[in-house]
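Q: Take a look at the following structure, please.
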Amino acid sequence: MQLLGFKDYQQQGKRLAKELGLEYYEVAIHHFPDGESKVTLPNRLDNEIIFCRSLDHPNDKLIELFLASEVARQQGVKHITLVAPYLCYMRQDIAFNPGEAISQKIIGQWLGQLFERVITVDPHLHRIDNLNQAIPNAETISLSAANLMSEFLANRPNPPMLLGPDSESEQWVMKIAEHTGLEWEIAGKQRHGDRNVEIMLPEIDFKDRLIVIVDDVASTGRTIAQTAKALHQRGAQTVNCLVTHPLFADDTEQVLTNACINHIWSTDSIVHHSNVIQLAPLLAKAIKQ
Ligand code: R5P
């Protein structure tokens, strides 16, 4: 078995290869001036390979994975695993208006045609219970970063209170609280637009508390920023945040800084300087099983 990584996710790919005791190879990508991609694979491939690439900013990456998997098949590869710690297009799981593409279903089916196995971490599944419903034709493994987050928080000098910004975050917050024994609460959220969210904090005393906001995704950062602002208004002393997937679209970091977030922590599902938790051991364990 060989592991094939990509330059944009090189450190993570190398770490995963090391955990698995495999040699690391890289898929070479050349971008032509008009934006097209040329994809080159090593010329001798095993029967079974792993592609490791996270799917933030996914459009080019999906096309390149498609090209890469086609070349691999032409070279006789029989089993391809995609390790994509962040799995794209999982949020649009329903057509809110006539004519809207249900991306989760369409992209999920496509991935199922390209790969025998898809492994990811904390996919954003809202209205379905398991990843196999989104990717019906492949074996799917959906991991959770909650235990690694628990270990990270358990090693902090002062025990914080955990706060989930919306009902969906309860699953992660509860798991982390179970492992660490930390106090936890969940806020309510109403989204009025991509960059417009309203947060309703629970009616408890936050005065002088040290809080860590826990969520799966920070995209525009508005969810976390509004939560932090509300906590500061209620007298919280320090607000930090911990997310699985730091998508961090355009001005997110500034938005979080303006909301007086002290520390931004994340897993390395997406390359970002806030990465403090490495997923390689979790991913390797799942691949070995
Ligand atoms: C939504 O349900 C997710 O769990 C996140 O809260 C959401 O994706 C965060 O988005 P943003 O950072 O754009 O507010």
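The values are calculated or read from the model by the stated rules, or taken from the named source; none is laboratory data. Here the structure is a predicted model, which means the values were calculated and not measured. Cβ sites come from the backbone with ideal geometry, for glycine too, and all protein chains shown count toward neighbours.
Q: Return the pair list, or none, for Cβ contacts closer than 6 Å from residues in segment 191-211 that are farther than 18 Å from Gly221 by Cβ to residues that are assigned to a strand (DSSP E or B) and at pLDDT 95 or above, at least 6 apart or on different chains.
A: Met200/Gly188; Pro202/Glu185; Arg209/Met161; Leu210/Thr238
Q: Picking from Gln254, Gln233, Gln237, which residue would you name as being farther than 26 Å from Ser144 by Cα and in contact with a Leu (Cβ under 7 Å, 6 or more places away or on another chain)? Walk me through it before giving the result.
A: On the way: Gln254 fails: in contact with a Leu (Cβ under 7 Å, 6 or more places away or on another chain); Gln233 fails: in contact with a Leu (Cβ under 7 Å, 6 or more places away or on another chain).
Answer to the check: Gln237.
Q: State the number of residues belonging to segment 229-260 that are of a type outside the set (D, E, K, R) and within 12 Å of the ligand (Cβ to nearest atom). Full working, then the answer.
A: Applying the first criterion (of a type outside the set (D, E, K, R)) to segment 229-260 yields 230-233, 235-249, 252, 254-260.
Checking the rest, the ones that are also within 12 Å of the ligand (Cβ to nearest atom) come to 241, 243-249, 252, 255-256, 259.
Counting residues in segment 229-260 that are of a type outside the set (D, E, K, R) and within 12 Å of the ligand (Cβ to nearest atom) gives 12.
Q: Does Leu201 satisfy the criteria of being within 20 Å of Pro85 (Cα to Cα) and either within 16 Å of the ligand (Cβ to nearest atom) or at pLDDT 95 or above (or both)?
A: Numbers: within 20 Å of Pro85 (Cα to Cα): no; either within 16 Å of the ligand (Cβ to nearest atom) or at pLDDT 95 or above (or both): yes.
Taking the combined requirement at face value, the residue does not satisfy it.
Q: Can you tell me which residue is farthest from Asp215 (Cα to Cα) among those in segment 114-130 that are among the aliphatic types (A, V, I, L, M) and more than 16 Å from the ligand (Cβ to nearest atom)? Show your work before the answer.
A: The first filter runs over segment 114-130 and keeps only residues among the aliphatic types (A, V, I, L, M), leaving 114, 118-119, 121, 125, 128.
Next cut, more than 16 Å from the ligand (Cβ to nearest atom) only: 114, 118-119.
Working: Leu114: 30, Val118: 23, Ile119: 20 Å.
Once the filter is applied, the top-ranked residue is Leu114.
Q: Residue check, Ala284 against (1) farther than 23 Å from Leu55 by Cα; (2) among the aliphatic types (A, V, I, L, M); (3) in contact with a Leu (Cβ under 7 Å, 6 or more places away or on another chain), all met but one. Which one?
A: (1)
Q: Could you list, in sequence order, all residues of segment 86-113 that are buried (at least 21 other Cβ atoms within 10 Å of the Cβ) and away from the ligand (no atom under 16 Å from the Cβ)?
A: The first filter runs over segment 86-113 and keeps only residues buried (at least 21 other Cβ atoms within 10 Å of the Cβ), leaving 86-90, 104, 107-108, 111.
Passing the criteria: Ile107, Gly108, Leu111.
Q: May I pose another question? Being near the ligand (Cβ under 10 Å from one of its atoms) and touching a Pro at 6+ places or on another chain (Cβ under 7 Å) is the filter here; which residues of segment 157-198 pass it?
A: Within segment 157-198, just Lys189 meets the criteria.
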